[in-house]
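Structure first, commentary second.
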Amino acid sequence: MSSDGAADPAEAVYAFVRTVPRGRVVTYGQIADCLDSVRLTARQVGTILSMCPADAPWHRVVGAGGSTPISKRSPAAALLQRRLLEAEGVAFLGNGRVDMARAQWVDAPWRDE
DNA sequence: CGCTTGACAGGTC
DNA sequence: AGACCTGCCAAGC
């Protein structure tokens with residue numbers, strides 16, 4: 001129905017986070033790296049996610065290292081995120097960080113380490 | 001058209 | 001270990 005369709009980077013981000021399975025998280029940079037089709041940067045992902053609609057599991061998106069930068073803007077949002085993630089079975093570290101080693105979801109085109 | 005801002009990332013001090 | 005700087009790139013004014 002629209003001529004643009006996939007030209008909307010925001011929709012690509014929402015679509016990506018929707019593909020994240022329950023109990024798994026992704027980082028802003030990871031999204032930007034996988035969505036190279038829309039040439040996004042980690043910053044844009046965050047900005048877009050800030051407008052995130054209710055149908056996008058934004059709580060599965062965390063910063064690098066499993067931190068939640070939203071905590072400075074909205075501590076309530078960070079708490080909600082942690083709540084939702086814990087409810088999904090995501091492992092948390094003692095300092096309020098996600099256990100990336102276990103919860104970070106890796107898509108196919110992940111480079112060799 | 002250009003400066004400012006921004007849910008980031010990584011490095012340095 | 002916390003504070004500060006740069007790079008990235010797009011959207012807003």
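Just so it is clear, none of the values below were taken in a lab; they were calculated from the coordinates. Keep in mind the model is a prediction, meaning the values are calculated, not measured. Note that we place each Cβ from the backbone using ideal geometry, even for glycine, and neighbour counts take in every protein chain shown.
List of remarks:
- Its Cα gyration tensor gives chain A an equivalent ellipsoid, and the semi-axes of that ellipsoid, as √(5λ) in whole Å with the largest first, are 23, 16, 12.
- Equivalent-ellipsoid semi-axes for region A:12-65 (Cα gyration tensor, √(5λ), whole Å, largest first): 15, 12, 11.
- The charge dipole of region A:5-113, taken about its Cα centre with unit charges on the Cβ of Lys, Arg, Asp and Glu (plus for the first two, minus for the last two), comes to roughly 420 debye.
- Choice from A:R22, A:R73, A:R97 showing the highest fluctuation, given a GNM over chain A with Cα pairs closer than 10 Å: A:R73
- Screening chain A for whole DSSP H helices with an alpha carbon extent of at least 30 angstrom along the helix axis and a mean Kyte-Doolittle hydropathy of at least 1.6 yields nothing.
- Potential extension, A:R18-A:E88 segment - 0.36 nm per residue separation minus Cα distance: 23.8 nm
- Computed over region A:14-109, relative contact order equals 34 percent, with contacts defined as Cα pairs under 8 Å that lie 6+ residues apart.
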